[in-house]
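Beneath this line is the structure, given in structure tokens, with notes to follow.
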């Protein structure tokens, strides 16, 4: 161990925690059968690191050090509870034989532990908001205040969601395991949905002053890659990875010099990250090779791939995109999917075709306050030369969005339409 300054130790601890937190909590949860207790033990180990590493130096294997400390705390906890049975023997045998844990102490089946943790944190018994918060806390290694800032909600609200989630898991006696059979399919969709929601909030922030929150995109991408390593035979997992990789490739091009949004067809495609595109296309190929009918994420990835393969907006295969959206609408019926299909139809077969479908969607209750409906309608009306109607639609969209950057863009489009 090399002695380091307090500042260097703090940075090292923060980096180690982001990397090791999920594996640490996963291993402890398997031993304690309680996610809440596992997180507390992991936090105790983190506190010990904050106290000791500035003086003793960062261990050669920091993850093993944290696990060793956490296990010792678990043994003490069991002893206090007078539970000196098999659990103490299992947890303490290795640790009590030596004072210092300098060898890797993470279990061989850590991959299985992580997968169990993913399915536990994303259990459908929890609300969507609770699943997102708990996943970012346990698997993303984010602090409560970081999650609150990312979603623009009070820190107390996030803390409450996390506490309630852990209590609910304990009360419902949710087993720390990977489900099987039909239950696996149902639970996997919940897991993928959580990662997808996290990415989407980073990719197009619902509210606030920023158009994007790249940190959330990065966390979701990391979680999806982790899932792909743990569930290698699940095509939809690879479909989600493909989608997020390709979408993330546009990050630099989606924001202008002053933080303003840049729409897809206006983006400088030379700024798209080709490495992420290649990774995304490879993941999409893996999903397709696993066989079966493509799921919603694989279909969305195929749509994203059409954009990624086009060197210019004019080369985009909009006919294929429209067909893929038709397939997606069958697999995942949704007014939002239909709205996206209308955009593709408008690009492939003319704005009249797109507008016809959009007009059918104006009476759908789920889209009543959805700002992208009038935004899409305004775009199609503008292409048809109906500029005054387009201006009104853009203004309506601006009034509905809660994102300040997007509001300004929509008002600018309204003003431009009003001048024609």
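The values are calculated or read from the model by the stated rules, or taken from the named source; none is laboratory data. Given the structure is predicted, the values throughout are model-derived calculations rather than measurements. Note: ideal-geometry Cβ built from the backbone for every residue, glycine included; neighbour counts use all protein chains shown.
One residue is enough: does region 16-31 have a residue meeting the conditions without any contact (Cβ under 8 Å) to a residue 40 or more places away in the chain and part of a helix (DSSP H, G or I)? No. Quick one: would you say residue 316 is surrounded by fewer than 15 Cβ atoms within 10 Å (Cβ to Cβ) and closer than 24 Å to residue 380 by Cα? Answer is no for this residue.
Taking (1) closer than 22 Å to residue 143 by Cβ; (2) within 10 Å of the chain's Cα centre (by Cα); (3) buried (at least 23 other Cβ atoms within 10 Å of the Cβ) in turn, residue 244 satisfies each apart from (1). For region 146-180, the set of residues classified as in contact (Cβ under 8 Å) with a residue 12 or more places away in the chain, loosely packed, with under 15 Cβ neighbours inside 10 Å and either in contact with a helix residue (DSSP H, G or I) (Cβ under 6 Å, 6 or more places away or on another chain) or assigned to a helix (DSSP H, G or I) (or both) consists of 167, 170, 177, listed by residue number. Checking every residue in region 50-68 against the condition of being surrounded by 19 or more Cβ atoms within 10 Å (Cβ to Cβ) and in contact with a strand residue (DSSP E or B) (Cβ under 8 Å, 6 or more places away or on another chain) gives at least one match.
Exactly one residue out of 254, 187 is surrounded by 17 or more Cβ atoms within 10 Å (Cβ to Cβ) and farther than 25 Å from residue 295 by Cα: that is 254.
Per the listing 274, 267, 285, 300, the residue uniquely modelled with pLDDT of 95 or more and surrounded by 20 or more Cβ atoms within 10 Å (Cβ to Cβ) is 300. Across region 190-209, the qualifying residues are those that are at pLDDT below 85 and not in a strand (DSSP E or B), and the one among them that is surrounded by the most Cβ atoms within 10 Å (Cβ to Cβ) is 205. Only a single criterion out of (1) over 13 Å from the mean Cα position of the chain (by Cα); (2) under 30 Å from residue 402 (Cβ atoms) is not satisfied by residue 176, namely (2). Of the residues making up region 127-145, those that are in contact (Cβ under 8 Å) with a residue 24 or more places away in the chain and assigned to a helix (DSSP H, G or I) are 128, 129, 130, 131, 132, 133, 134, 135, 136, 137, 138. Of the helices (runs of 4 or more DSSP H) entirely within region 224-335, those holding at least 2 residues that are in contact (Cβ under 8 Å) with a residue 40 or more places away in the chain and touching a helix residue (DSSP H, G or I) at 6+ places or on another chain (Cβ under 9 Å) occupy 235-248, 274-289, 296-309.
Counting the residues of region 338-387 that are over 23 Å from residue 207 (Cα atoms) and part of a helix (DSSP H, G or I) gives 26.
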